[in-house]
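This report refers to the structure that appears directly beneath it.
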Amino acid sequence: MPDAPAPPRPDPPLNTPAHRPPHADRGGGEPGGSELTAAEPLSTAALTGEVGGDLPGAFRLSDRVKVVRNVLPPLIVLVVGAVEFLISLLPASQELWAHLLFYGLVGPAVTYFSVEWIAEGTRARERAERELRDLYGQLRASHAQLGAVQALMRDLTDAADMNAVLDVAARGAVRVTGATHATLTVPGGLSGSARGETLLSSPSAALYPLRVSIPGGGALALHFDAPPSPESESLAQALAAEVARGVEAVRQRTLDLMTLYSVDQSIRAERNMRRLLSRVTRTMADRVGAEARAVFLTDQDSVLRLEYAQDRQGEARGGGVAPPFALRVAQADGPLITTAADAGEVFPDARSVLGIPMRDDEGLVGVLMLGDARPNAFDDARVSLLALMAGQATLAVRNARAYLYSEELAISDERARIAREIHDGVAQSLAFAALKLDVVARQVHSDPARAESEVRAATTLLREQIREVRRSIFALRPIDLERYGLLETVRRYVLDFGEQNSLRATLDISGDVHLSPGDEAVVFRILQESLNNVAKHARAQEVRVTLHGGEHVTLRVQDDGAGFDPEQATGRVSSAGGLGLLQMRERVEARGGLYRVLSSPGHGTLIEAEMPQA
């Protein structure tokens, strides 16, 4: 009789960690959850579970062992007892043959089929183990690929520029697909490449290429040691889509930076309020494809009024009161988007309008509006970027208003200075001339000779005051430095100065002159003040102006007039612009330049200003 088999071990439940796929513990199938490692213990029972899983209607291996252990011994006893009883009924000569036949053939046959029945379950269990091991290996490989794809997506998001995106994508493609080489190209001539664990520096003819197109332009070329499988092709297509998203994200960031730079340049280069708002709003409208734009600013009474607007019909006149939607935007904490009815109140042809409040630390400055004829045109707009640009526009408006206020103060100061000069100079001289003419009127009959002398003195005085008035008018005449540039403006000014003041004025320009707009204004202001001092105080016959560009830009103004002692005249203020020698020195030195005055009584004056090149 065969030995009874060993007691079976209890089978583990099927929901052990080894039976769950790698993504089962992470929820939603997202990469990044718990990872399986090669060191994780895997028992045979944990891998196989129940054998009958792939054999419909079959017993589990443990059930088969139980049947053989529990049923076969009693059955053998019963069968042997029955056979012995039947053999005892046979003749004595046949008992020996009957025993040989039963114990020699039937007994071994029963043992064989019993063991074979158990072995069949064992083989089925081994097949299930192999299949589960293969499945587990596939799951591990899939999990590794998912982790590599996740790392690639993270690296693409963190990439700073287009070159970084291409390098990261090429290395990630090699890591994810197992390719020996990867080359990524995008429109514009940019490319990136990477190689895996290979000694070849570039792909060879013995490798198997795979090329997939990138949405939006470009291609991803991979090379493998073996022909790529359909799974590799699908994975390459997915990688191409992720690369396209990474490239587009970098393009959007680059475009955002260029837009912010454009707005910043508009703020720096423009002081006129309407032109400033036109430039800023045009940049914002072009960024989102809007057709209309408007800006409402608060006035001195904190009332929102239209400052600038433009749509398909052209620019609109300012001064109008803001519509109700603009008032709602002014009270909101952030941007608002209108319905079609409210949009028509802002722009006649608009069906959607985006309103952004303009605020700073001092409160509400205004409201900026963008409109479009398309419904829901701003649902997908980069509102955060537009709000940042509106913040820059707010700063620009504050600066422009401060500049306008400073201009008003300067105009007021200049008017007061002109009034003082007229009162203290021209007005008193004219009054004195009037008194002389009154004296002449009384003496013309009694003392004609003296009356004639007084008339000549009055005439001389009047001519001197006429020249003084002309000098003041010439000094106050606006000069368009931004329009003509520094060199042409200097040429025009020196030529006109000589004609206006009846003296020889020569100009010599040499070298390359490259100054920032602010430095150009300072240099021209120094020239203007120096020449006006010549006209008023020097009593010169000739003035020479030299402008030389080398390592520095040097301006020299030299006259052959009376000269003076610089130590005694440092605080003197000119009649034309109100800048004394000390103020001119401070302006030049504040820009990193040098200012010198060389003069002595009877030997003329030399003014020299030196500014660094831009």
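Numerical summary
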item: Selected residue [farther than 22 Å from residue 245 by Cα, out of contact with any helix residue (DSSP H, G or I) (no Cβ under 7 Å at 6 or more places or on another chain), open to solvent by 30 Å² or more (accessible area, probe 1.4 Å) and at pLDDT below 70] from 201, 142; result: 201
item: Residue ID - modelled with the highest pLDDT, chosen from residues in segment 145-194 that are open to solvent by 60 Å² or more (accessible area, probe 1.4 Å) and of a type in the set (S, T, N, Q); result: 193
item: Residues of segment 284-293 satisfying the condition of being aliphatic (A, V, I, L, M), buried (at least 20 other Cβ atoms within 10 Å of the Cβ) and modelled with pLDDT under 90; result: 284, 290
item: Any hit, segment 343-358, residues being of a type in the set (A, V, I, L, M), assigned to a helix (DSSP H, G or I), over 18 Å from residue 275 (Cα atoms) and open to solvent by less than 50 Å² (accessible area, probe 1.4 Å); result: yes
item: Where residue 478 falls short, out of the listed (1) at pLDDT below 80; (2) assigned to a helix (DSSP H, G or I); result: (2)
item: Qualifying residue in segment 523-546 (condition: at positive phi, at pLDDT 85 or above and of a type in the set (Lys, Arg)); result: yes
item: Test: residue in segment 433-446 that is buried (at least 16 other Cβ atoms within 10 Å of the Cβ) and modelled with pLDDT under 75; result: no
item: Pairs, first more than 18 Å from residue 606 (Cα to Cα) in segment 575-588, second modelled with pLDDT of 65 or more and hydroxyl-bearing (Ser, Thr, Tyr), C-beta under 7 Å, six or more apart; result: 575/472; 576/472
item: Filter result for the condition that a residue is at pLDDT 80 or above, aliphatic (A, V, I, L, M) and part of a helix (DSSP H, G or I), over 397, 367; result: 397
item: Counted residues, segment 476-495 - those being of a type outside the set (Ser, Thr, Tyr), open to solvent by less than 50 Å² (accessible area, probe 1.4 Å) and closer than 13 Å to residue 545 by Cα; result: 2
item: Within segment 370-385, considering residues that are of a type outside the set (Gly, Ala, Ser) and surrounded by 22 or more Cβ atoms within 10 Å (Cβ to Cβ), the one modelled with the lowest pLDDT; result: 378
item: Enumeration of residues in segment 204-234 that are modelled with pLDDT of 80 or more, open to solvent by 30 Å² or more (accessible area, probe 1.4 Å) and hydrophobic (A, V, I, L, M, F, W, C); result: 226
item: Extreme residue, nearest to residue 401 (Cα to Cα), among residues of segment 255-279 that are among the aliphatic types (A, V, I, L, M) and either touching an Asp or Glu at 6+ places or on another chain (Cβ under 9 Å) or at pLDDT 85 or above (or both); result: 273
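One line per residue, one yes/no per condition, for (1) modelled with pLDDT of 75 or more; (2) in a loop (DSSP other than H, G, I, E, B); (3) more than 20 Å from residue 130 (Cβ to Cβ); (4) polar (S, T, N, Q):
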| site | (1), (2), (3), (4) |
| --- | --- |
| 34 | no, yes, yes, yes |
| 59 | no, yes, yes, no |
| 80 | yes, no, yes, no |
| 84 | yes, no, yes, no |
| 87 | yes, no, yes, no |
| 94 | yes, no, yes, yes |
| 99 | yes, no, yes, no |
| 116 | yes, no, yes, no |
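Matching residues to (1) surrounded by 19 or more Cβ atoms within 10 Å (Cβ to Cβ); (2) hydroxyl-bearing (Ser, Thr, Tyr); (3) out of contact with any Phe, Trp or Tyr (no Cβ under 9 Å at 6 or more places or on another chain); (4) on the phi > 0 side of the Ramachandran plot:
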position: 295; (1), (2), (3), (4): yes, no, no, no
position: 300; (1), (2), (3), (4): no, no, yes, no
position: 305; (1), (2), (3), (4): no, no, no, no
position: 315; (1), (2), (3), (4): no, no, no, no
position: 326; (1), (2), (3), (4): yes, no, no, no
position: 341; (1), (2), (3), (4): no, no, yes, no
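The values are calculated or read from the model by the stated rules, or taken from the named source; none is laboratory data. It should be emphasised that the depicted structure is a prediction, and the values quoted were computed from it without experimental measurement. We place every Cβ from the backbone using ideal geometry, glycine too, and count neighbours over all the protein chains shown. Please note that ligands, DNA and RNA were not included when accessible areas were found on the heavy atoms of the full protein model with its side chains. Shrake-Rupley method; radii C 1.70, N 1.55, O 1.52, S 1.80 Å.
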